[in-house]
Every structure is written in structure tokens, then in C-alpha cells.
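Novice: What follows is a structure written as C-alpha cells; I'll ask about it next.
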Amino acid sequence: MIEDKKPDDKNPPAKGGHSLDDHRLGDYYYDHVHLPGEESDHDHDDFESLGPLEDNPIWQQDHVTLVSVGIDIGSSGTQVVFSRINLRRLGEDLSSRYFVVGRETLYQSPVALTPYQSETRIDEAALGGIIDDAYQAARLHPDDIDTGAVILTGEALRRENAKAISDVVADRGGEFVCATAGHHMESMLAAYGSGAARASHDLGKRILNVDIGGGTTKLAVVENGKVQGTAAIHIGGRLQVVDEQGRIVRLDPAGRHLASEAGFSWKLGDTVSRDDMSRLADWMADALVSAVSERPLPPAIDLLYLTDPLPDFGPIEGVMFSGGVSEYVYQHEERDFGDMGKLLGTALRNRLDQGRLPWPRLPEGECIRATALGASEYSVQLSGNTTYISSPGRLLPRRNVQVLLPSYDCSGDIVPEDLALAIREHFTQFDLVEGENDVALAFRWSGAPSYVRIRAFADGIIQGMKSTLAQEKPLYLILDGDLAHTLGALLREELELKSEVLVIDGVILWDFDYIDLGRIRMPSQTVPVTVKSLVFSQDPRTPAGNVRTDLKYRPHAHEHGSRPHAHHHHDHSHGHDHDHGHAHGEQQGSGQAHSHEHEHSHDHGHDSGHGHDAKKGDARN
């Protein structure tokens, strides 16, 4: 119960006068006291309970939960993982992007050997059985899955039935992102999937990630959470396989070459001894150490590179291992599968213990499961004033367009030649040939939108996309800055490009994103855009589990007695200070009372600049 002091209706203030009471802002009603034992809230914002926070429509707009599946099919292993993914839109940043802020593993299958019908053909029927078994073990039906990703890597990507594999997976899962990763992209997937990218971000170190799979070894140099360079070597743990009698039942051409370099003339059906396999494993381990640490490369080692060797990015400050063979390097696995995996991993571990690599070995992250674990998905509706679409009928709709985010800083002077080089290098980094398939180029725009800068930007895009434009294929550009109409009109009308052009602004995209672009919806004239992103267990690009320190407005929670509440710290200036000197009940683990000194300096004319356009859409749940 509250005892209020109400105005004295029998003795009203004299008319015509102007007193200090006119500025007391309702003290008659709010200068009250609380009875002993009564729970109170010093902000006096008690409202009727609206129920659980998760049921609040505003909360639901910024939070999405999806069930996702990740299916990784490599040259030697196949694995399936089901996850519950929590997405959150960071409304504080006025962003339309949803970030992964939590992931729960629902089920992960054992890593099965990828089944083959012959030396060159993967058995798609047996592969479908592996996926069916995973669904059954997870007690999930394809209809329960919201989104997913299929990753084809290594030798599996080059098998003659790669399309048949995709069809088998689609029949059992639906319309998933299908990422076909060549050497460079697979190296990046491993760097993010292993946790090396996250470790480089958190430790502030330049790290080399060495991912040793069944057919190849992928290398990636990561610094501050970003992949600086990638390469691949033809050394793997399953290029040679023997049965229980030691008879060779699988011998890839690369495996035959490695055996020859070690002094053996092996062919399919030969019987080999364990000692000879150990000798080959020693040669392979020495070759791998030499490939990453010696410059110039010995000729025999140089021939093992499937890509250009890694350039010198400066001193390496730590090395991490991932892939199936790393399970033996980190001594997590003891089983022998009849291939070179255990022998190679043990030989490499011995060389690390001997200090043959000049860099410290970092603790492991993900080893054999260093890959994408699924995909997140959300949708936004973009209004006509944030898009430039030269021909809606020719440009829309589009599905699963891969996003590339070239490493180019648009904040300073824009040099067209440098921008074009960044575009071309990014195509190479993702094993793509510019002009073959539709891609969406994404950029972070900052700085003045002057004609000189935008013209230089347009010139750089034209130089970087020569093959696409020569074939008059469409050009898809996505920017976070307000530039769509200006840039689109410049490209089509002033520079007279014959290619159709679509430019979207106000959307933040990353590498490993894929987008669906729907038809224009009338009469709203909005374009539905669905963003699907590969999900990794440890991704330094997401705020999952991290405390954000870059936000100007962020609530923090305290305990008043037994009840939590939040104080919102605004950067407003009041012109007067509030000292709320209220005492807090015992904090967990401290038991100390303390007071808040809120120094809001308000001038009561603040302009927050938080104008939300209708272009910010809803998440698809």
C-alpha cells in the first residue's frame, strides 16, 4: 500500500501567481513513502507482467532459433551433425544482420569412411544410407530441419559423381546450401572450423593451421581472425590403404608417387609390410615439415604443392593441426584403419617433439570435425529506395548466390587498380573463376560518397569483373552504405554497361554467405532477401558469447534485494547530475552494498539518429 500526498482541493493555490510549485513535476502524486516490508522499485515503472520475455513480439523479432544440419563429404570421411542454432539481431547496431550467438549440438554422427564403388566412383546409395542412419539416430525427420549445408571437399569434389552426391543429399534434406570447396576454400573452412581463426583473434598471433585429411593437406595462415593466405599439398592419410593381410586395396596416383619418392614401386594388389609403411610415413612427415618450413623449397617438395606455396607473411607464432590425421598428432585416437593415418600422425608427432618445426604447437581445437557445422538463415525485406535493379525480370529471382567480400578498405582514397586486384585475388581464394557463375560482391563502404570516390569504385569493379561484363552477365553488388541508386545509375547510365546491374545497400554480408533474391513484391515494391551463412564452432566474426565493448548503448543488470533490473546508460547530457545513492542487496559472491552515481548530462534536445527504415525486415523462423 502507498500513502500518497494529494493536492488540497479545498485550498487551491491563488490564481495569477507563478511559483516554484509549478516546476515540481508531480511531486504531489509521487512524493510518497513505502510501508515497511513492502517491495519497491525506485524507478516506479511497475507495469502488469507481460509474461515470459521469449513470448514478447519485440524480443521474437530479434531472436530466431533454427534446427540445422551440416553434412561434410570428404575424400576419406563423411560426417553429419545436427544443431540448434540461436540467432540474434543486434538492434543496438541498427543492423539487419542476425548473428549466431549460441549453438547446441543435437547429434553428431560417427565419422564414417566415404564409400566407394570403385577407385574413382563414390557409392551414392551407400552414402545416402549413412545420412539416413544419422537422421534416425538423431530422431529427426527432414521436415524438422530448417536449414543446412552440404560441404564437398578434397578428392570427393573431383569424383565423377559429385552431382549425384548433391542430388542424394537434396533428396534427403531439401534445399540446402551446397558448398563445393576447392583447395583454397577448403583451407579456409579448416582454419575457421578448427578454431585457428578464433585463436589468432583472441591471442593476437599469426598462426599456421595444418589440416591433414585423407587426400590432401591444407595450409592457412591466419592473423587477427582473418585468413591471410592458403595452400594445399598432396599429402594425405588415405592415399594408400591395405587390408588385414597387408594387401594394397586402394592406391591413388598421388599415393603411388609418394611411395616412389620413398623408394617403393607399389601397385594395387601388392602386399607390403608394416615396416615399409612406416618408412613411407617417415618420408611423408619429413616432406610435410619441409613444405611448411624450408625456403627455397627442395624440387621434390615443390612438386607436391597443388597450389602456389604459401608466401611469407612474417614470423609464425604458433601452429595448430586439424583433420583426421591430427587426431593422432594430438594423441586422441589409437585405432588403425589400414591406411597411413596413424603412422603419419605418429611420425609427425615425433618430429614436433624433436623440435623439427620452429614454432610452438598450440592446443587443439576441432580436429577431424574442423568444418562447417550447418547453416543459419534469415530474411529481410528491402524497399525500393535501398536497391537499384536495372531489369527485375532478368535479375530476379536468384538462389544460392555465393557472396565474396574482397579485402579492400573503402575508407580512404579508392584506387581502381588496387580494388580490381583485391576482387581477382578473392575469386582465387575461393577457387572460383570470374565470369563462370553468378556471385555477389559485398563491400564495407565508409567515407564521403563523393562523385570522385564513387567513380573510382565503379572503375575498380569494372576492371575486376572483366570476364563477367564481357559476356554481358549480370552484376550483383551488396553494400552496407547508402549508395545503391548512385552507384547503379553510374554503372548503367553514365558508364553504359550492357550487363544488367543489381545494387543493394544497407545489408552486411560476409564470406561464406549465400543469398536468395526473390521477385519484387507489389505494391510494396520490396525485394525479399534470404541470407544463409555457414556456421562454425568457433567463429571470430560473430559476437557469440563475447561481451560487446563497442556499443554506445548497452544495459547492465544489477540486483535490488532479490529482484534484478536493468540500468540503461545513455550518452545524453542532462545538464544536471543524478546521484541515486540506493543500496544494493548482496551481490553474488561479494555481499557488498554500493551506490550508483548516474551522471546523465541531458540538454533535452538530443538527436539519437536512430531512424529505422521499413527496409529492415523480419527474420524467418
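The values are calculated or read from the model by the stated rules, or taken from the named source; none is laboratory data. None of these values were measured; they are calculated from a predicted model. Here Cβ is always computed from backbone atoms with ideal geometry, including for glycine, and neighbour counts include all displayed protein chains. Heads up: the accessible areas ignore ligands, DNA and RNA and are worked out on the full protein's heavy atoms, side chains in. Shrake-Rupley method; radii C 1.70, N 1.55, O 1.52, S 1.80 Å.
One line per residue, one yes/no per condition, for (1) farther than 23 Å from THR114 by Cα; (2) out of contact with any helix residue (DSSP H, G or I) (no Cβ under 8 Å at 6 or more places or on another chain); (3) assigned by the TED database to the domain that holds LYS342:
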position: PRO253; (1), (2), (3): no, yes, yes
position: HIS257; (1), (2), (3): no, yes, yes
position: TRP266; (1), (2), (3): yes, no, yes
position: VAL292; (1), (2), (3): yes, yes, yes
position: ASP308; (1), (2), (3): yes, yes, yes
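Novice: Given the structure, is ALA300 within 17 Å of GLY215 (Cα to Cα) and assigned to a helix (DSSP H, G or I)?
Specialist: No; evaluated as a whole, the condition is false for this residue.
Novice: Collect the residues in the stretch 435-459 that are open to solvent by less than 40 Å² (accessible area, probe 1.4 Å) and in a loop (DSSP other than H, G, I, E, B), keeping them in residue-number order.
Specialist: Within the stretch 435-459, GLY435, TRP445 meet the criteria.
Novice: On to the next question. Condition (residue is open to solvent by less than 70 Å² (accessible area, probe 1.4 Å), closer than 22 Å to SER391 by Cα, part of a helix (DSSP H, G or I) and of a type outside the set (A, V, I, L, M)) applied to the stretch 473-481: is it met by at least one residue?
Specialist: No, because not a single residue in the stretch 473-481 is open to solvent by less than 70 Å² (accessible area, probe 1.4 Å), closer than 22 Å to SER391 by Cα, part of a helix (DSSP H, G or I) and of a type outside the set (A, V, I, L, M).
Novice: Still on this model: Select from the stretch 339-360 the residues that are of a type in the set (Gly, Ala, Ser) and either more than 12 Å from PHE321 (Cβ to Cβ) or out of contact with any helix residue (DSSP H, G or I) (no Cβ under 6 Å at 6 or more places or on another chain) (or both) and list them in ascending order.
Specialist: GLY341, ALA347, GLY355, listed by residue number.
Novice: Between residues in the stretch 490-506 that are free of Cβ contacts under 8 Å to residues at least 60 places away in the same chain and residues that are among the β-branched types (Val, Ile, Thr) and in a strand (DSSP E or B), which pairs lie under 7 Å by C-beta distance while being six or more apart or on different chains?
Specialist: Cβ pairs passing all conditions: LEU491/VAL501.
Novice: Let me ask you something else. Which of the residues that make up the stretch 200-258 are open to solvent by 40 Å² or more (accessible area, probe 1.4 Å) and aliphatic (A, V, I, L, M)?
Specialist: If the condition is that a residue be open to solvent by 40 Å² or more (accessible area, probe 1.4 Å) and aliphatic (A, V, I, L, M), then LEU203, VAL249 are the ones that fit.
Novice: Taking strands (runs of 3 or more DSSP E) that do not extend beyond the stretch 147-235, which have at least 3 residues that are modelled with pLDDT under 95 and aliphatic (A, V, I, L, M)?
Specialist: Per the criteria, 147-152.
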